[in-house]
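S.K.: Dropping a structure here in structure tokens format, bear with me for questions.
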Amino acid sequence: MPAEECVFCRIVAKQIPSEIVYEDEHVVAFRDINPQAPTHLLVIPRRHIPSLVEVTEDDIEVLGRLQYVASLLAKEHGFADDGFRTVLNCGQHGQQTVFHIHLHVLGGRQLTWPPG
Ligand code: AMP
Ligand code: ZN
């Protein structure tokens, strides 16, 4: 998929509005438009990576960075002590709907397990 057709590439390029809460050279984080918890953030690489099955060794560092930024954001948004969840949906059974890899960060309420 060309980057101009990818909604998250367009968020990275600031071509469509989003509520960005963090950005650095490699990663951008913003609020999910349809939050499933009091705080629901998405952390994405700037570079277009479609899904977890399409990563290569070159992506190892940025994958770690997604989780690192989730940890920073949990502290900054005040739910690190109570706990939170990071989720990476992949493919059809994982119910991935946006094919630019993203890490969900859900905090601010008691979550349940197992997922549906
Ligand atoms: P997934 O089902 O894991 O692919 O999650 C995609 C997430 O992206 C969903 O939680 C959507 O609510 C969210 N989403 C889709 N479009 C936007 C957008 N323009 N801004 C913020 N979040 C979005
Ligand atoms: Zn993209």
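The values are calculated or read from the model by the stated rules, or taken from the named source; none is laboratory data. Bear in mind the structure is a predicted one, so any value in this text is a computation, not a measurement. For neighbour counting, all protein chains shown are included, and Cβ atoms are generated from backbone atoms with ideal geometry for every residue, glycine included. When the accessible area is computed, the model is the full protein with side chains, heavy atoms only, and any ligands, DNA or RNA have been set aside. Shrake-Rupley method; radii C 1.70, N 1.55, O 1.52, S 1.80 Å.
S.K.: Please state which one of PRO38, PRO45 is within 12 Å of ligand 2 (Cβ to nearest atom) and more than 21 Å from HIS93 (Cα to Cα). Lay out the reasoning, then the answer.
M.R.: Numbers: PRO38 fails: within 12 Å of ligand 2 (Cβ to nearest atom).
So the residue among PRO38, PRO45 that is within 12 Å of ligand 2 (Cβ to nearest atom) and more than 21 Å from HIS93 (Cα to Cα) is PRO45.
S.K.: Let me ask another. Just wondering, is there one or more residues in segment 57-75 that are within 16 Å of the chain's Cα centre (by Cα) and outside any helix (DSSP H, G or I)?
M.R.: Within segment 57-75, not a single residue is within 16 Å of the chain's Cα centre (by Cα) and outside any helix (DSSP H, G or I).
S.K.: List, please: which pairs have Cβ atoms under 9 Å, are six or more places apart or on different chains, and start with a residue in segment 17-45 that is farther than 17 Å from PHE84 by Cβ and end with one that is among the polar types (S, T, N, Q) and open to solvent by 80 Å² or more (accessible area, probe 1.4 Å)?
M.R.: Here the result reads none, with nothing in segment 17-45 linked to a residue that is among the polar types (S, T, N, Q) and open to solvent by 80 Å² or more (accessible area, probe 1.4 Å).
S.K.: Just name the residue that is nearest to HIS77 (Cα to Cα) out of those in segment 18-54 that are among the hydroxyl-bearing types (Ser, Thr, Tyr) and open to solvent by 30 Å² or more (accessible area, probe 1.4 Å). Quick ask: steps written out before the conclusion?
M.R.: Quick first cut of segment 18-54, residues among the hydroxyl-bearing types (Ser, Thr, Tyr) only: 18, 22, 39, 51.
Filter again for open to solvent by 30 Å² or more (accessible area, probe 1.4 Å), leaving 18, 22.
Values: SER18: 18, TYR22: 11 Å.
The extreme case among them is TYR22.
S.K.: Let me ask something additional. Within segment 55-71, how many residues turn out to be more than 16 Å from ligand 2 (Cβ to nearest atom), surrounded by 17 or more Cβ atoms within 10 Å (Cβ to Cβ) and of a type in the set (A, V, I, L, M)?
M.R.: The qualifying residues number 2.
S.K.: Of all the residues that make up segment 10-34, how many are more than 22 Å from TYR68 (Cβ to Cβ) and either within 11 Å of ligand 1 (Cβ to nearest atom) or out of contact with any strand residue (DSSP E or B) (no Cβ under 9 Å at 6 or more places or on another chain) (or both)? Write out each step before concluding.
M.R.: If we filter segment 10-34 for residues that are more than 22 Å from TYR68 (Cβ to Cβ), which is where we start, we get 10, 13-17, 33-34.
Narrowing the set further to residues that are either within 11 Å of ligand 1 (Cβ to nearest atom) or out of contact with any strand residue (DSSP E or B) (no Cβ under 9 Å at 6 or more places or on another chain) (or both) leaves 10, 13, 15-17, 33-34.
Of the residues in segment 10-34, 7 are more than 22 Å from TYR68 (Cβ to Cβ) and either within 11 Å of ligand 1 (Cβ to nearest atom) or out of contact with any strand residue (DSSP E or B) (no Cβ under 9 Å at 6 or more places or on another chain) (or both).
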